[in-house]
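Participant: This structure is in structure tokens; I'll ask about it shortly.
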Ligand code: BDP
């Protein structure tokens, strides 16, 4: 169905001229080099794409091991020519072109349309088989977007080395923070038998360049603890082989206490020799089933998960123990920095959850083995609609770092509200940490270019489940698509990505593109406007994290407070009078956040406690800002529904209806948010709305 195919619709090209042009060059496909799993996937993808987009069955010419000079070989100087050419070996594509040949990295590709002497051809060269597969997906993307052949001239190379997706799927089939049905991997404690859906997921991920996946929740329960044992490894290996065909390496989340729980070792102390031996044996076993296994993802000493602290050891001890076990096999440890005290008391102002990751990890810089990567959430708290960037980025110059985003919309509307997150992620990537002076952007830290890290990249929590359309809200497909595209190339704009996605998903009707992209682009600001104001976060229903509950977490132990009282609101995180969090940033960021006048409005309440009468840079008082944004936000949500209605008849009815239903729900729920938040602050502050609107 159109819902299921997501952005790989490959809808038939209607324009006859364009179709003919594509048919001319895609009617014959020749492949030089040996067949392999990855190349088979590339060819399968090309063929089904051509069938569906152009209604042709391309002729396939296999040219064996020989690598003939392209131009000199008469027999193949037409059609689409595929070739794998490792990095140092790329020649000029065009005869007589004596400009310096560019180098193609291992995951890169070059696509070129050549015309002359009455002949047309397209050459696609991959820096590796994987690069070629990415090139095929790119080519099909160009066809789907109706790009003219003359514009087919691209060389692409992923900016980030590790481009990962984290599933939070549990063996019982549930998904932690999943909003799109049940797991496609597991059901009732078992691996699903039919792997069709897993394969289609691999295609979606590979089409946007994702090259790594962890397949189980970071909170590892009983059954998943045993995924690393003989009992489950054959099934894990099957999943690995599905992903391998699409260039995606498999990882597992592990339970730090596994030696104690399932190993009969009696302890999980990372410095205990029996424990270390147990992990080495576990790694050996894993690699005997999955020779290219990626490694472990670890949540330790976080939200009641076991970790090295129980034995008086630190996180370098814990991570290095695992890294040592994986090292001989080339595996890596991805160790999460989401470590904080979830049992703290709101009356104790000396502890601030926002400070925790930095405090725990910066003293360990330089102590981690070179196959350990620290995975850091984009913000210091937890994927709120608005947070500052984690001060850990750039603060550990001798440690490999991975940035963690959340594609699943836990705090951003749970795929019942539309919230296109690419603009938020771009803000994070473009944040200048000043770690090494001006221009020390987060994107340069995680790509490894700033501190020349060999292993780094970006990971994100997936938003898919077994719903027909994968993501619950069809517009939420744009977040998965956008995540992959953005981490492939962080310099793509949010608009470009939205447009690519829209064309491939809904077709090339310009009115649809304009409206749908416009809606995506304003969706995050709209969601922010009717939920928690000015960066303060939370105010959500405890546990589910859906819907407003202003004081839901205010007097609990999770470390997430807004400190609203009759006079004011916000968390004082200044060094002068507050928790001292601002001091974790490099200058001039530290000073900017510390100084009330300089702190950006949208983060004001994250950093400062201010009276309701405090004037923002916008000229409004805080209280009036709260009232206005909530009225405007709910109106804007209602407007989205109207805009979408205008597209009826222009896109597939199933897609249209699905989105319309969610937008209607959003519009209602936005009113609820508006009323709860405005009423709360009206009653707390006693300040009437300056514009005389009724607030109960
Ligand atoms: C929070 C989620 C929780 C996760 C945790 C994590 O509420 O379910 O287990 O993050 O990242 O956002 O480990």
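Participant: In whole angstrom, note down how far apart the Cα centers of region 316-389 and region 629-686 are.
Facilitator: If we compute the Cα centre of each part, the gap is 37 Å.
Participant: Translational diffusion coefficient of the chain at 20 °C, 1.002 mPa s, Stokes-Einstein with Kirkwood Rh over Cα pairs, in µm²/s as a whole number. Kindly include the intermediate steps, with their values, before the conclusion.
Facilitator: Details: Rh = 26.7 Å.
D = 80 µm²/s.
Participant: Another one. Using only the Cα atoms of region 11-57, each taken as one equal point scatterer with no solvent, compute I(q) by the Debye sum, divide by I(0), and report log10 of the ratio at q = 0.13, 0.15, 0.23, 0.32 Å⁻¹.
Facilitator: Per q value, in the given order, log10 I(q)/I(0) is -0.32, -0.42, -0.80, -1.17.
Participant: Fewest Cβ neighbours within 10 Å first, please rank 527, 311, 612 accordingly. Let's see the in-between values first.
Facilitator: On the way: 527 25, 311 17, 612 21.
The most exposed by this proxy come first: 311, 612, 527.
Participant: Going by alpha carbons, how many degrees (0 to 90, nearest 10) lie between the helix axis of 233-244 and the longest principal axis of the chain?
Facilitator: 70
Participant: Give the relative contact order (percent, whole number) for the chain; include only Cα pairs under 8 Å separated by 6+ residues.
Facilitator: Values: 1389 pairs, mean separation 78.1, N = 696.
Rounded, it is 11 percent for the chain.
Participant: Sorting 605, 124 on the 10 Å Cβ count, fewest up front, what's the list?
Facilitator: Details: 605 27, 124 24.
Sorted ascending by nearby Cβ count, the order is 124, 605.
Participant: Using a Förster radius of 45 Å, what is the FRET efficiency between residue 646 and residue 288 based on their Cβ-Cβ separation? Nearest 0.05, please.
Facilitator: Numbers: r = 58 Å, r/R0 = 1.29.
Working from the Cβ atoms, E equals 0.20.
Participant: Same structure again: Have a look at the DSSP beta bridges in region 361-502 and tell me what percent are antiparallel, nearest 5.
Facilitator: Details: 1 of 12 bridges.
About 10 percent, rounded to the nearest 5.
Participant: Applying 1/(1 + (r/R0)^6) with R0 = 25 Å to the Cβ-Cβ distance of residue 632 and residue 668, what FRET efficiency is obtained, to the nearest 0.05? Could you put the intermediate results ahead of the total?
Facilitator: Details: r = 17 Å, r/R0 = 0.67.
Taking R0 as 25 Å, the efficiency between residue 632 and residue 668 is 0.90.
Participant: Moving on to the next point. Roughly speaking, what is the centre-to-centre gap between region 417-444 and region 497-525 when only Cα atoms are used, to the nearest Å?
Facilitator: That distance is 23 Å.
Participant: If contacts are Cα pairs under 8 angstrom and at least 6 residues apart, what is the relative contact order of region 278-403 in percent? Provide the component values of the computation, followed by the final result.
Facilitator: Numbers: 181 pairs, mean separation 28.9, N = 126.
After rounding, I find 23 percent.
Participant: Also, quick follow-up: Between residue 16 and residue 689, what length in nm is gained on full extension when 0.36 nm per residue of separation is reduced by their alpha carbon distance?
Facilitator: On the way: separation 673, 0.36 × 673 = 242.28 nm, distance 5.94 nm.
Going from the current span to full extension adds 236.3 nm.
Participant: While we're looking at this one, here's another question. Rounded, prolate or oblate: pick one for region 614-696, where a ≥ b ≥ c are the square roots of the eigenvalues of its C-alpha gyration tensor, a/c under 1.5 means rounded, and failing that, prolate if a/b is larger than b/c, else oblate.
Facilitator: Since a/c reaches 1.5 and a/b is larger than b/c, the shape of region 614-696 is classed as prolate.
Participant: May I ask for the angle, rounded to the nearest 10°, between helix 494-506 and the longest principal axis of the chain, with both axes built from Cα atoms and the value confined to 0 to 90°?
Facilitator: The two axes meet at around 60 degrees.
Participant: Take every DSSP beta bridge with both residues inside the chain and express the antiparallel ones as a percent of the total, to the nearest 5.
Facilitator: On the way: 20 of 67 bridges.
Roughly 30 percent of the beta bridges in the chain run antiparallel, per DSSP.
Participant: Give me the extension gain from residue 154 to residue 365: residue separation times 0.36 nm, minus the current Cα-Cα distance, reported in nm with one decimal. Walk me through the numbers before you get to the answer.
Facilitator: Details: separation 211, 0.36 × 211 = 75.96 nm, distance 3.94 nm.
Extra length from residue 154 to residue 365 when fully extended: 72.0 nm.
Participant: Percent relative contact order of region 507-583, based on C-alpha pairs within less than 8 angstrom and at least six residues apart? Walk me through the intermediate numbers first.
Facilitator: Numbers: 63 pairs, mean separation 10.4, N = 77.
For region 507-583, the relative contact order is 14 percent.
Participant: Give, as ranges by residue number, the residues of region 421-437 whose backbone N falls under 18 Å from the point 7 Å along Cα→Cβ of residue 398.
Facilitator: 436
Participant: Using a simple spin-label model with points 7 Å from Cα along the Cα→Cβ vector, what separation in nm is obtained for residue 489 and residue 230?
Facilitator: The modelled label-to-label distance comes out at 5.0 nm.
Participant: Determine the percent antiparallel among the DSSP beta bridges restricted to region 160-267, to the nearest 5.
Facilitator: Details: 3 of 9 bridges.
Within region 160-267, antiparallel bridges account for around 35 percent of the total.
Participant: Taking the simple approach of a point 7 Å from Cα along Cα-to-Cβ for both residue 4 and residue 576, what is their distance in nm?
Facilitator: It is 6.2 nm.
Participant: Return one number: the angle in degrees, 0 to 90 and rounded to the nearest 10, between the long axis of the Cα atoms of helix 315-326 and the longest principal axis of the Cα atoms of the chain.
Facilitator: 20
Participant: Please give, to one decimal in nm, the separation of the simple spin-label points placed at residue 613 and residue 56, each 7 Å out from Cα toward the Cβ.
Facilitator: Going by the 7 Å Cα→Cβ label model, 7.5 nm.
Participant: Okay, moving on. Listing 163, 683 from the residue with the fewest other Cβ atoms within 10 Å to the one with the most, what is the order? Write down the numbers at each step before the final one.
Facilitator: On the way: 163 24, 683 11.
Least crowded to most crowded, the residues run 683, 163.
Participant: Where does region 501-588 land on Rg/Rh, using Cα atoms and the Kirkwood Rh?
Facilitator: Working: Rg = 19.2 Å, Rh = 16.4 Å.
That ratio is 1.17, to two decimals.
Participant: So what is the calculated 222 nm ellipticity per residue for the chain, using -39500 (n - 2.57) for each DSSP H run with n of 4 or more, over all residues, to the nearest 500 deg cm²/dmol?
Facilitator: Details: 20 runs with 242 residues, N = 696.
Computed mean residue ellipticity for the chain: -11000 deg cm²/dmol.
Any read-out appearing in this document is the output of simple, stated calculations on the displayed coordinates, not a laboratory observation. Just so it is clear, the structure is predicted and the values come from calculations on it, not from any experiment. Neighbour counts run over all protein chains shown; Cβ positions are idealised from the backbone, glycine included.
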